[in-house]
Amino acid sequence: MPLYAFRCPNGTEFESSFAMAEVPDAAPCPDCNAPARRQMSSARLSIANSAEFKLIDATKRSAHEPQLVSGRTGASKKATRYTGNPLHQKLPRP
Ligand SMILES: [Zn+2]
């Protein structure tokens, strides 16, 4: 749930978490119990350093910045023969 900032008439600022559909315009202050008005701010939808956020970032990054690999995985070192024609043996090799 997103965090919302509140400020009471006596100056105490605090944050409280509400569902987006149920966020009130005022919440009781934890110090003086006076109705504290909600501050204009962007709702903090997620913690930017969380594991979920890192996974989402890495997934998006891999679409245009693939990580380097040292070699093929799961493949044997032996070259696979694709043809049995002996004339193909004379073709230049990469
Ligand atoms: Zn207060």
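The values are calculated or read from the model by the stated rules, or taken from the named source; none is laboratory data. Bear in mind that the values here come from a model prediction, so they are computed numbers and not experimental data. We place every Cβ from the backbone using ideal geometry, glycine too, and count neighbours over all the protein chains shown.
Tabulated values for the structure
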read-out: In region 47-93, residue modelled with the lowest pLDDT [restricted to those that are assigned to a loop (DSSP other than H, G, I, E, B) and aliphatic (A, V, I, L, M)]; value: Ala75
read-out: Residue selected from region 16-46 under the condition part of a strand (DSSP E or B) and at pLDDT below 90, by the criterion nearest to Asp57 (Cα to Cα); value: Arg44
read-out: Residues being out of contact with any Phe, Trp or Tyr (no Cβ under 8 Å at 6 or more places or on another chain), of a type outside the set (A, V, I, L, M) and more than 7 Å from the ligand (Cβ to nearest atom) - total across region 12-33; value: 4
